[in-house]
Amino acid sequence: ALTIATDAVDIAMLSATGTADATTYLRGDNAWSAISAGTANEPNFNVESSADQTWEGSAYTKFVFNTLISESDTGSFDTTTNYRFTVPSGKGGTYMFAHNFVIKSGKNWYVKCLQNNSTELWWSHSSTDDGGGSRVKTHIVVAELDAGDYVAWWKYSGSSWTSGGSRLYGVRLNT
């Protein structure tokens with residue numbers, strides 16, 4: 001049984017509209033709303049790199065996310081050529097992405113997330129020598145995207161850098 005303090009919800013409204021179940025939720029204004037079936041936090045995806053990635057040089061290159069773990073909208077994440085997420089038709093909105101990667105060695109690296117290969121959503125930098133030990137870095141970004149927009153993750157290194165794997169999660173937030 002669910003117990004709710006009487007000051008948290010308008011009890012008269014609750015008794016007039018019924019109780020919450022798996023298809024409804026209580027909004028911030030104490031009104032009940034229906035959850036659209038099949039659209040809660042979709043699209044979403046989970047991808048990873050299948051092997052360590054080593055790179056050198058003075059140019060940005062894409063993280064290679066070539067292993068699909070899960071995906072709600074088939075084909076929204078390209079794991080074969082472009083290694084990027086594309087917002088499906090009719091699914092624009094607020095998205096959250098979380099990128100985890102392991103640095104095995106290297107220093108002077110940069111990581112950035114680009115929308116449509118031009119708009120920088122975020123970037124990160126480290127000039128610290130990792131001393132041969134593995135460290136996990138996590139970056140999170142929230143962005144407003146329209147249908148057809150795509151997002152990709154890029155890396156740059158001023159020295160030799162080895163990543164011990166990378167994982168990326170993305171989800172459209174219900175707002």
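No value in this document is a laboratory result; all are computed from the given coordinates. Quick caveat, the model's predicted, so the values are computed rather than measured. Methodologically, a virtual Cβ is constructed for each residue, glycine included, from the backbone with ideal geometry; neighbour enumeration extends over all protein chains shown.
Observations, loosely collected:
- Partners of K112 within straight-line reach, counting lysines whose Cα lies under 18 Å from its Cα and excluding those fewer than 8 residues away in the same chain: K62, K137, K155.
- In this label model, V136 and W122 are separated by 1.6 nm, measuring between points 7 Å along each Cα→Cβ vector.
- Summarising the amide proton neighbourhood of N66: residues at separation of 5 or more, or on other chains, whose placed amide H is nearer than 5 Å comprise E48, S49, S50.
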